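The values are calculated or read from the model by the stated rules, or taken from the named source; none is laboratory data. Just so it is clear, the structure is predicted and the values come from calculations on it, not from any experiment. Here the Cβ is made from the backbone with ideal geometry for all residues, glycine too, and neighbour counts use every protein chain on show.
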Amino acid sequence: MKTHALSAEVLRGEGLTSQRARDRLVTKLREDGIKDLRVLEAIRRLPRHVFIDEAMASRAYENTALPIGHGQTISQPWVVARMTEALIERGVPQRVLEIGTGSGYQAAVLATLVPEIHTVERIEELLRSARRRFRQLGFENLRSKHDDGHLGWPSEAPFNAIILTAAGEGIPQQLFDQLAPGGVLVAPVGPSGAQTLLRLHLDAEGELVSENLGDVSFVPMLGGMV
């Protein structure tokens, strides 16, 4: 990960945004069951405080979701870690599609581990902010698009993995259609208050296999663009 566009002071942080705060978060994630050392190191290195409003920076390394405006949140670090872990467990995918860029934090974590990330966001203002952060952090393997996430990114399909950062009652068929053979899809599914994190993949016979990774709480997946 290149970080030339941000000052060393900003990247390093101080006090509640310091490396020591990140190390404590990683220790907490490990204690709570995150095992993949690649994921833990990505979260240790990435400055989460850059992805939230400066007024909330002191809470950046708490293991909690935080508001980012427009009714959206930056996900709890444990959830980001678990989804990333689930996505790369069977091997690091070459090309990943993310639905719901939000602050850009989940995409940035993935971009430290995966060769090529495509991310789609329906809220233009959030996407502009995320793009600025990607440039500041020097990510060159991230492409982003302002569009309805239900549609995916068909012109760039197929993808080896797809990750959704908002929850719907189901998963749009258009996204399954953009998943490469043998690919994996990780997504929260269900209504507010009753959501589960699912990992789905196509087996050798082309049958869809679903694994329940536990209860989660995400903002709803909405259609359209704003």
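I'd like to check something: does region 118-141 contain any residue that is among the acidic types (Asp, Glu) and under 27 Å from residue 31 (Cβ atoms)?
There is no residue in region 118-141 that is among the acidic types (Asp, Glu) and under 27 Å from residue 31 (Cβ atoms).
Search region 199-222 for residues being among the β-branched types (Val, Ile, Thr) and part of a strand (DSSP E or B), and hand back the single one that is surrounded by the fewest Cβ atoms within 10 Å (Cβ to Cβ).
Per the stated criteria, the residue is 209.
Report the residue count in region 153-198 for those that are within 15 Å of the chain's Cα centre (by Cα) and in a loop (DSSP other than H, G, I, E, B).
Number satisfying all stated conditions: 2.
In this structure, is residue 198 at pLDDT 95 or above and in contact with a Gly (Cβ under 8 Å, 6 or more places away or on another chain)?
Taking the combined requirement at face value, the residue does not satisfy it.
Do we find a residue being acidic (Asp, Glu), under 23 Å from residue 179 (Cβ atoms) and either surrounded by fewer than 24 Cβ atoms within 10 Å (Cβ to Cβ) or out of contact with any His (no Cβ under 9 Å at 6 or more places or on another chain) (or both) anywhere in region 150-162?
Yes, that holds for at least one residue.
Out of all the residues in region 49-63, which are in a helix (DSSP H, G or I), without any contact (Cβ under 8 Å) to a residue 40 or more places away in the chain and within 16 Å of the chain's Cα centre (by Cα)?
The answer is 49, and nothing else.
Is it the case, given these coordinates, that residue 97 is in contact (Cβ under 8 Å) with a residue 24 or more places away in the chain, crowded, with 19+ Cβ neighbours inside 10 Å, more than 26 Å from residue 57 (Cβ to Cβ) and touching an Asp or Glu at 6+ places or on another chain (Cβ under 8 Å)?
The answer is yes for residue 97.
Would you be able to say whether some residue in region 72-85 is part of a loop (DSSP other than H, G, I, E, B) and more than 19 Å from residue 166 (Cβ to Cβ)?
Within region 72-85 (the criterion being part of a loop (DSSP other than H, G, I, E, B) and more than 19 Å from residue 166 (Cβ to Cβ)), the answer is no, since none of the residues qualifies.
Being at pLDDT 95 or above, of a type outside the set (S, T, N, Q) and surrounded by fewer than 16 Cβ atoms within 10 Å (Cβ to Cβ): is that true of residue 169 here?
It is false that residue 169 is at pLDDT 95 or above, of a type outside the set (S, T, N, Q) and surrounded by fewer than 16 Cβ atoms within 10 Å (Cβ to Cβ).
Identify, please: which residue in region 17-44 is more than 16 Å from residue 109 (Cβ to Cβ) and of a type in the set (Gly, Ala, Ser) and is, among those, surrounded by the most Cβ atoms within 10 Å (Cβ to Cβ)?
Among those that are more than 16 Å from residue 109 (Cβ to Cβ) and of a type in the set (Gly, Ala, Ser), it is 21.
Restricting to region 102-128, name every residue that is under 22 Å from residue 167 (Cα atoms) and free of Cβ contacts under 8 Å to residues at least 40 places away in the same chain.
107, 117, 119, 120, 121, 127
Which one is surrounded by the most Cβ atoms within 10 Å (Cβ to Cβ) among residues in region 134-149 that are touching a residue at least 60 places away in the same chain (Cβ under 8 Å) and not acidic (Asp, Glu)?
Filtering first and then ranking leaves 149.
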